[in-house]
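Each remark here refers to the structure printed beneath this line.
The values are calculated or read from the model by the stated rules, or taken from the named source; none is laboratory data. Just so it is clear, the model here is predicted, and its values are computed rather than measured. Please note: Cβ atoms are built from the backbone with ideal geometry, for glycine as well, and neighbour counts cover all protein chains shown. Note: accessible area is taken over every heavy atom of the protein model, side chains too, but ligands, DNA and RNA are not part of it. Shrake-Rupley method; radii C 1.70, N 1.55, O 1.52, S 1.80 Å.
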Amino acid sequence: MAVAEHETMAADRFLTWIEAQEERYELADGVVVRMMAGAKESHNVVTTNIVVSLAPQAKRSGCRTTSSDTAVRTGPRGIRFPDVVVDCGPPDANAKEASRPTIVVEVSSPGTLTTDLADKLEEYRGRKDIRVIVLVEPDGVSVRVYRRDQDGVWFIEKYDDLADTMRE
């Protein structure tokens, strides 16, 4: 099924459509957006380190840590593919979408930083089950952690030194 330029679609249709695509795409407000192909080694190393760090704690909590091929629905017309997702929903080996994402991580590339800091951050904050959003810039030392407290209020932590340690 081809998508006409400027045609919009719902998230469910997008998830079906994307199965037949060779390139990577996201759905932003109903509009299909092609994602960057291939990442630099620094991006991949950071992503792997985050998965390795989060996986043991996630597993102890009955959750799973996945990487960039797990979809996160950000609304009826939004699907994103964060670099790392902690999904605490029921396990489903055939799932293409996180059923209850609690942590999402975006590792920025030079061409994605603006989108990550604006659009994606806003979309992720709109999901009630997402408790932590991490934005990482791998080519400099910059990590922003957004945490939602019990009252639904978001707080930001900034880390800009390699000696810094994030709290759980």
Pick from the stretch 46-63, criterion in contact (Cβ under 8 Å) with a residue 12 or more places away in the chain and open to solvent by less than 70 Å² (accessible area, probe 1.4 Å), ranking: farthest from V136 (Cα to Cα): G62
Some residue of the stretch 14-32 being within 23 Å of R127 (Cα to Cα), among the charged types (D, E, K, R) and not in a loop (DSSP other than H, G, I, E, B): yes
Scan of the stretch 64-75 for residues that are in contact (Cβ under 8 Å) with a residue 40 or more places away in the chain and out of contact with any helix residue (DSSP H, G or I) (no Cβ under 6 Å at 6 or more places or on another chain), ordered by number: A71, V72, G75
Among the residues listed as E123, E106, the single one being open to solvent by less than 50 Å² (accessible area, probe 1.4 Å), touching a residue at least 40 places away in the same chain (Cβ under 8 Å) and either within 20 Å of I156 (Cα to Cα) or not in a strand (DSSP E or B) (or both): E123
Some residue of the stretch 65-76 being over 20 Å from S99 (Cα atoms) and open to solvent by less than 40 Å² (accessible area, probe 1.4 Å): no
Identity of the residue in the stretch 152-167, assigned to a loop (DSSP other than H, G, I, E, B), open to solvent by less than 100 Å² (accessible area, probe 1.4 Å) and acidic (D, E), that ends up modelled with the lowest pLDDT: D164
Residue pairs meeting the criteria (Cβ under 7 Å; at least 6 apart or on separate chains; first closer than 18 Å to R73 by Cβ, in the stretch 18-35; second of a type in the set (V, I, T) and in a strand (DSSP E or B)): Y25/V32; Y25/V33; E26/V33; E26/I79; L27/I79; G30/T8; V31/T8
